[in-house]
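Report on the following structure.
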Amino acid sequence: MLSTRHGVRPLGAADLSDFLALARRDPVVNVFADYRATTTNLEPRWLGGEMWGRFEGGELAAACHVGANLVPVSASADDAAAFAERALARGRTVSTIVGPQDAVRTFWNGVASTWGKPREARWEQPHLEIAAGPLVAPDPLVRRTTREDMPELYPACVAMYTEEVGVSPEYGGGADLYRARVTQLVNRGWSFARFDETGRLAFKAEVACATPYAAQIQGVFVPADRRGLGLATAGMAAVVQLVRREIAPVVSLYVNDWNTSARAVYERVGFEETARFATVMF
């Protein structure tokens with residue numbers, strides 16, 4: 001069923017090649033949506049939602065991932081307004097709106113009157129990339145984690161999430177689901193950490209999603225009492241080196257504009273800003 005605005009409809013398996021061509025116009029910025037499409041074949045039961053497409057003259061012009069996260073893909077202001085119109089008709093089912101700043105802002109302006117007050121809105125999030133080796137020496141003790149590391153790794157993941165998002169991932173009975181997610185990343189070889197001589201975790205980071213073109217990093221964390229010692233800089237350099245060698249040629253992430261210490265770490269490693277993201281959380 002099409003929206004009343006510019007031909008918006010859910011995409012399916014038959015649209016996969018067109019969607020990937022669209023997303024790969026900027027395969028680093030769109031790495032999340034690309035990853036979700038290729039791993040689900042755009043099947044709603046695997047997406048946990050839908051992927052909407054907006055068509056012009058029969059051609060796919062923009063898309064929007066609508067699951068737990070709502071993520072615009074190659075969306076202009078007009079595209080984002082069209083997706084907002086469709087979203088108004090179904091009500092809010094997402095917990096987060098995230099993606100390129102202008103598209104997120106336009107979408108939010110279209111739904112804000114009925115979707116309720118967000119828990120937090122972060123409008124200035126530099127999107128950073130590195131497509132070469134790190135500029136500083138990698139920490140040789142950073143390695144992929146294993147299931148045997150979970151007693152140290154899992155509490156660090158909970159602490160990082162709580163510090164970053166403002167609520168524990170275990171809140172409301174979410175512990176089992178979150179532990180399963182952490183375990184999944186470990187099993188994929190997407191979880192990296194440094195442990196000190198006592199076995200205590202001193203640094204960690206994960207790959208959130210990856211394609212043959214790019215990998216997006218999440219969950220960068222150093223325990224509070226170990227900060228300021230250069231662990232994050234050398235640790236991120238090691239993650240960049242490992243990910244570029246074994247997972248994808250470009251490493252990306254996005255960071256809050258006010259997080260000056262993290263931004264300084266990423267700059268020292270060699271990340272450069274290529275876009276601005278925004279996140280609205282409920």
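Mind listing whichever residues of segment 168-189 are surrounded by 13 or more Cβ atoms within 10 Å (Cβ to Cβ) and either in contact with a strand residue (DSSP E or B) (Cβ under 7 Å, 6 or more places away or on another chain) or not in a helix (DSSP H, G or I) (or both)? Of everything in segment 168-189, those that are surrounded by 13 or more Cβ atoms within 10 Å (Cβ to Cβ) and either in contact with a strand residue (DSSP E or B) (Cβ under 7 Å, 6 or more places away or on another chain) or not in a helix (DSSP H, G or I) (or both) turn out to be S168, P169, E170, G174, L185, G189. Given the options E206, E163, name the one that is among the acidic types (D, E), surrounded by 14 or more Cβ atoms within 10 Å (Cβ to Cβ) and either touching a Gly at 6+ places or on another chain (Cβ under 8 Å) or assigned to a helix (DSSP H, G or I) (or both). Just one listed residue meets the conditions, E206.
Among the residues making up segment 70-85, those that are under 22 Å from L20 (Cβ atoms) and surrounded by 19 or more Cβ atoms within 10 Å (Cβ to Cβ) are L70, V71, P72, V73, S74, A75, D79, A80, A82, F83.
Restricting attention to segment 192-235, the residues that are of a type in the set (S, T, N, Q) and more than 15 Å from L141 (Cα to Cα) total 3. Scanning segment 238-265 for residues that are of a type in the set (A, V, I, L, M) and assigned to a helix (DSSP H, G or I) turns up A238, V239, V240, L242, V243, A262, A264, V265. In segment 161-181, the residues that are over 21 Å from A121 (Cβ atoms) reach residues that are assigned to a loop (DSSP other than H, G, I, E, B) and not aliphatic (A, V, I, L, M) with C-beta atoms within less than 6 angstrom, at least six apart or across chains, in these pairs: Y178/P169.
Look at R119 and say whether it is modelled with pLDDT under 95 and either crowded, with 18+ Cβ neighbours inside 10 Å or touching a Phe, Trp or Tyr at 6+ places or on another chain (Cβ under 9 Å) (or both). Judged against the criteria, R119 is a match.
So L22 clears everything in (1) closer than 22 Å to V111 by Cα; (2) in contact with a strand residue (DSSP E or B) (Cβ under 6 Å, 6 or more places away or on another chain); (3) open to solvent by less than 40 Å² (accessible area, probe 1.4 Å); (4) not in a loop (DSSP other than H, G, I, E, B) except one condition, right? Which one? All conditions are met except number (1). For segment 58-114, filtering for residues that are touching a Cys at 6+ places or on another chain (Cβ under 7 Å), not small (G, A, S) and not in a strand (DSSP E or B) leaves 1.
The values are calculated or read from the model by the stated rules, or taken from the named source; none is laboratory data. If you're wondering where the values come from, they're calculated on a predicted model, not measured in any experiment. Ideal geometry is used to build each Cβ from the backbone, glycine not excepted, and the neighbour counts take in all protein chains shown. Areas reflect the complete protein model, heavy atoms only, side chains present, ligands, DNA and RNA absent. Shrake-Rupley method; radii C 1.70, N 1.55, O 1.52, S 1.80 Å.
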